[in-house]
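Readers should treat all values here as calculations from the given coordinates under stated rules, not as data from a laboratory. None of the values given here were measured: they were computed from a predicted structure. All Cβ positions, glycine included, derive from the backbone under ideal geometry; neighbour counts span all protein chains shown.
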Amino acid sequence: MFDEARDDEDIDNVRYRHHAAARICSTCPALDRCRAWAETQPHLAGSVIAGRKPRLRGAQPQPERKNQG
């Protein structure tokens with residue numbers, strides 16, 4: 001779920017699982033500490049970490065949707 005996209009993976013599948021992973025991160029009590037640590041780990045840039053989704057190769061950026069409720 002949190003891993004970077006595989007070369008043969010459908011882009012919609014990657015977006016779906018990265019979105020799900022980021023939602024899990026958003027509930028974590030260690031999110032701020034994780035985010036600070038993640039900033040020191042450039043080799044993880046293709047993975048969802050600290051609630052941040054990576055930019056996908058060849059994909060147009062998707063706007064973030066906020067829950068209205």
### Query
On the first, second and third principal axes, largest extent first, how far apart are the outermost C-alpha atoms of segment 1-55 in Å?
33, 23, 13
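Going by average Cβ density within 10 Å per residue, which order do the peptides 32-41, 9-18 take, highest to lowest? Can you show the working numbers first?
Working: 32-41: 12.0, 9-18: 14.1.
Packing proxy ranking, top to bottom: 9-18, 32-41.
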